[in-house]
Amino acid sequence: MEGKTLTASADEVEAYLRDAVRATWGKSAGSAKPRPKAKVKPAPALKPKPRPKLKVENLLKALPAAKRAEAFTEILAKPGVRIERIVSRGQATPDDAPMVQDSDEWVVLLEGAAGIRVEDSQEAVLGPGDHLWIGRGQKHWVTWTAKDRPSVWLAVHLD
């Protein structure tokens, strides 16, 4: 190559070198074997929470005698709600001692017969399936319950 000279500007030399580096990188990267992907192990299966056993009970079976006083059976108690069965037989609330509760109450008579009075109202006669709402702090009286058979109530107290 005598007599021939190469001439290039600094920008041309820089561009040449950049292209050469890209070509080398591309060739080397393209020739490398791809890394095997890491196998992801599945998370261990969570054991299902045990389900509670089905327990069927009947509110109208195995009733307490309730001859001396009403019988109260708690059915369910959770924050904000309490459900109870009440069995009466001939009991009544004394006129001078009304019931006043710290919670709202929904009550249904399931069996028997009863009379109930809520303050500022007339007595209501209840039969099976009849229900009513008694507000928190409201005075109320059970005026009578059947003497010849149990009167079974379901009361839901809401705080």
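Is it the case that Leu76 is free of Cβ contacts under 8 Å to residues at least 12 places away in the same chain and among the hydrophobic types (A, V, I, L, M, F, W, C)?
Against the criterion (free of Cβ contacts under 8 Å to residues at least 12 places away in the same chain and among the hydrophobic types (A, V, I, L, M, F, W, C)), Leu76 qualifies.
Scan segment 43-64 and tell me whether some residue there is modelled with pLDDT of 95 or more and part of a strand (DSSP E or B).
No: zero hits.
Check whether at least one residue in segment 99-106 is surrounded by fewer than 17 Cβ atoms within 10 Å (Cβ to Cβ), among the β-branched types (Val, Ile, Thr) and out of contact with any Leu (no Cβ under 9 Å at 6 or more places or on another chain), and report yes or no.
Initially, segment 99-106 is screened for residues surrounded by fewer than 17 Cβ atoms within 10 Å (Cβ to Cβ), giving 99-104, 106.
Right, trim to among the β-branched types (Val, Ile, Thr) and you get 100.
Restricting the remaining residues to those that are out of contact with any Leu (no Cβ under 9 Å at 6 or more places or on another chain) gives 100.
Yes, segment 99-106 contains a residue that is surrounded by fewer than 17 Cβ atoms within 10 Å (Cβ to Cβ), among the β-branched types (Val, Ile, Thr) and out of contact with any Leu (no Cβ under 9 Å at 6 or more places or on another chain).
Do any strands (runs of 3 or more DSSP E) lying entirely in segment 90-159 carry at least 3 residues that are of a type in the set (Val, Ile, Thr) and touching a Cys at 6+ places or on another chain (Cβ under 6 Å), and which ones are they?
Values: elements: 104-111, 114-118, 124-126, 131-134, 140-145, 151-158.
Ranges flagged: none.
Output the qualifying pairs, or none if there are none: Cβ atoms under 7 angstrom, residues six or more apart or on different chains, first residue in segment 137-149 and among the hydroxyl-bearing types (Ser, Thr, Tyr), second residue at pLDDT 95 or above and assigned to a loop (DSSP other than H, G, I, E, B).
Within 7 Å, the pairs are Thr143/Ala92; Thr143/Glu123; Thr145/Arg89; Thr145/Gly90; Thr145/Gln91; Thr145/Ala92; Thr145/Gly112.
Only residues that are more than 21 Å from Ala77 (Cβ to Cβ) and touching a residue at least 24 places away in the same chain (Cβ under 8 Å): list them for segment 111-134, please.
Within segment 111-134, Glu111, Gly112, Ala113, Ala114, Gly115, Ile116, Arg117, Leu132 meet the criteria.
Which residue is nearest to Arg136 (Cα to Cα), if the candidates are limited to segment 65-89 and must be basic (Lys, Arg) and buried (at least 18 other Cβ atoms within 10 Å of the Cβ)?
Here the answer is Arg85.
The values are calculated or read from the model by the stated rules, or taken from the named source; none is laboratory data. Computed from a predicted model, the values in this text were never measured in an experiment. A quick note on method: Cβ atoms are made from the backbone with ideal geometry, for glycine too, and the neighbour counts reach across all protein chains shown.
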